[in-house]
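The values are calculated or read from the model by the stated rules, or taken from the named source; none is laboratory data. Computed from a prediction, not measured in an experiment: that's the story for all the values here. Every residue, glycine as well, gets a Cβ built from its backbone with ideal geometry; the counts of neighbours run over all protein chains shown. Just so you know, the surface numbers come from the protein's heavy atoms only, side chains and all, with ligands and any DNA or RNA stripped out. Shrake-Rupley method; radii C 1.70, N 1.55, O 1.52, S 1.80 Å.
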Amino acid sequence: MRTCLSTIKVKHSSFHSEQKKGKMSSSYDTSSSPNNTNANPSVEKKLKALMVYDNRVITMIHKTLLKRFGVEPHEAKNGQEVVLAHRSGAYFDLILMDLDMPVVNARQTIKELRDMNVRSLIVGLTFLEEEEEKKPFMDAGLNYCYPKPLPFDVVRDLVEKIKEDA
Amino acid sequence: MENQKQHQAAYMRRSLLDQGYLDEQFIHLEELQDDANPNFVEEVVKLFYTDSARFIRNIELALENGPCDFARLDNLMYQFKGSSSSIGATRVKRQCSQFQEYCNAKNIEGCKNTFQGVKQEYATLKTKLEAYFQVSLSLIRYIGNYSKD
């Protein structure tokens with residue numbers, strides 16, 4: 001197995017349930033369906049993932065992969081787009097980010113998102129191998145760090161996780 | 001006749017994997033191919049070659065026109081390495097890593113020599129994949145036609 005899992009879980013447990021409430025009230029009108037918001041499939045919330053890559057091949061592959069797992073893929077080219085989207089109220093269950101992009105400051109982007117109280121699962125992809133090289137990203141609030149190419153069964157596990165958390 | 005093609009396609013695929021031209025990442029791509037995406041693998045590979053042509057050209061120009069900007073070379077190669085690894089192009093990826101090591105060591109001759117290796121592996125893989133797709137896709141088309149009867 002190629003995966004080298006480095007995890008420092010974001011300290012989000014106290015905020016998580018609050019954030020979930022906030023999320024749901026913006027997605028449905030809960031006043032009309034007081035019992036079970038998931039009862040009607042047409043208002044069932046679709047899982048969303050944001051890919052922050054500068055590579056068309058990887059984007060194409062992950063787009064298909066995410067759709068296969070029932071997740072709606074979105075794309076952003078750089079950190080600024082990501083932050084602006086979140087400032088405008090966008091939310092993604094999963095954010096996949098290439099940490100090696102030369103122009104994008106991935107660490108800075110992650111930090112900004114966490115400073116904005118974004119509680120999404122943020123996963124980084126990198127060719128970096130040394131723990132001390134990955135540490136700045138983890139410290140900024142990255143949940144998991146994986147080598148490239150991202151193993152497909154890892155994506156499956158991540159999707160399972162966001163399904164559970166949703 | 002089609003049985004022969006099946007064997008041929010399977011053999012070509014097996015060779016590519018056994019000889020280390022491709023790794024399990026390629027198999028993962030195949031798993032994403034289905035009725036909704038019947039030509040997925042070929043499409044990804046086509047995009048890889050379209051995209052990569054640009055990187056290769058830029059690296060070539062950067063190497064020809066001194067003085068050498070090693071940071072830029074590293075950036076260009078990093079992109080190409082990302083694409084290569086995403087389709088499972090092991091040998092190409094290995095050459096890319098080697099190239100980056102020479103970049104870090106600011107060894108221009110090493111970069112130039114390794115780049116020849118990159119281009120060679122890249123071209124070899126392209127030829128082999130084109131041949132493989134020609135056989136396996138004609139087989140898919142045949143099966144498609146046959147099952148309509």
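For the range B:29-59, residues that are in a loop (DSSP other than H, G, I, E, B), open to solvent by 10 Å² or more (accessible area, probe 1.4 Å) and of a type outside the set (Gly, Ala, Ser) total 6. Within the range A:134-166, which residues are farther than 16 Å from A:PHE92 by Cα and open to solvent by 80 Å² or more (accessible area, probe 1.4 Å)? Result: A:LYS135, A:ASP139, A:ARG156, A:ASP157. Given the criteria in contact with a helix residue (DSSP H, G or I) (Cβ under 9 Å, 6 or more places away or on another chain), of a type outside the set (Gly, Ala, Ser) and within 14 Å of chain A (Cβ to nearest Cβ), does B:PHE115 qualify? For B:PHE115, the condition - in contact with a helix residue (DSSP H, G or I) (Cβ under 9 Å, 6 or more places away or on another chain), of a type outside the set (Gly, Ala, Ser) and within 14 Å of chain A (Cβ to nearest Cβ) - is not met.
Scanning the range B:23-54 for residues that are among the basic types (Lys, Arg) and within 11 Å of the chain's Cα centre (by Cα) gives a single hit, B:LYS46. Residues in the range B:37-51 that are charged (D, E, K, R) and either more than 9 Å from every other protein chain (Cβ to nearest Cβ) or closer than 13 Å to B:GLY88 by Cβ (or both): 2 in all.
Residue count for the range B:98-123 satisfying the condition of being under 20 Å from A:ARG56 (Cα atoms) and polar (S, T, N, Q): 0. The condition of being among the aliphatic types (A, V, I, L, M), without any contact (Cβ under 8 Å) to a residue 12 or more places away in the chain and surrounded by fewer than 22 Cβ atoms within 10 Å (Cβ to Cβ) holds for only one of A:MET116, A:MET60, that being A:MET60.
Pairs are defined by a Cβ separation below 8 Å, a sequence spacing of at least 6 or placement on different chains, a first member in the range B:12-36 that is under 16 Å from B:SER86 (Cβ atoms) and within 9 Å of another protein chain (Cβ to nearest Cβ), and a second member that is among the hydroxyl-bearing types (Ser, Thr, Tyr) and assigned to a helix (DSSP H, G or I); the pairs so defined are B:GLN25/B:SER85; B:GLN25/B:SER86; B:LEU32/A:THR64.
Kindly provide the set of residues from the range A:81-104 that are more than 14 Å from chain B (Cβ to nearest Cβ) and either touching a Gly at 6+ places or on another chain (Cβ under 9 Å) or not in a helix (DSSP H, G or I) (or both), ordered by number.
Filtering the range A:81-104 down to residues more than 14 Å from chain B (Cβ to nearest Cβ) leaves A:81-95.
A:SER88, A:GLY89, A:ALA90, A:TYR91, A:PHE92, A:ASP93, A:LEU94, A:ILE95, listed by residue number.
The residues of the range B:60-75 that are at the interface with chain A (Cβ under 10 Å from one of its Cβ atoms) and either under 18 Å from B:LYS119 (Cα atoms) or buried (at least 17 other Cβ atoms within 10 Å of the Cβ) (or both), listed by number, are B:ASP74, B:ASN75.
Against the condition modelled with pLDDT under 95, in a helix (DSSP H, G or I) and crowded, with 16+ Cβ neighbours inside 10 Å, how does B:PHE133 come out, does it pass?
Working: modelled with pLDDT under 95: yes; in a helix (DSSP H, G or I): yes; crowded, with 16+ Cβ neighbours inside 10 Å: yes.
Yes.
Here is a list of conditions, (1) among the charged types (D, E, K, R); (2) at the interface with another protein chain (Cβ under 10 Å from one of its Cβ atoms); (3) surrounded by 22 or more Cβ atoms within 10 Å (Cβ to Cβ), and A:ASP54 meets all of them except one; can you say which number that is? All conditions are met except number (3).
Do you know which residues across the range A:63-80 are touching an Asp or Glu at 6+ places or on another chain (Cβ under 9 Å), open to solvent by 40 Å² or more (accessible area, probe 1.4 Å) and assigned to a helix (DSSP H, G or I)? A:LYS63, A:ARG68, listed by residue number. Against the list (1) open to solvent by 60 Å² or more (accessible area, probe 1.4 Å); (2) away from chain A (no Cβ under 14 Å), the condition B:GLN98 fails is (2). Exactly one of (1) under 21 Å from A:PRO147 (Cβ atoms); (2) within 11 Å of the chain's Cα centre (by Cα); (3) surrounded by fewer than 22 Cβ atoms within 10 Å (Cβ to Cβ) is unmet by B:SER85. Its number? All conditions pass for B:SER85, except number (3). Taken over the range A:140-166, the residue count meeting the criterion of being over 19 Å from A:HIS62 (Cβ atoms) and either in contact (Cβ under 8 Å) with a residue 24 or more places away in the chain or not in a helix (DSSP H, G or I) (or both) is 4.
Per the conditions (1) within 14 Å of another protein chain (Cβ to nearest Cβ); (2) within 21 Å of A:PHE92 (Cα to Cα); (3) free of Cβ contacts under 8 Å to residues at least 40 places away in the same chain; (4) not small (Gly, Ala, Ser), the sole criterion not satisfied by A:LEU128 is (2).
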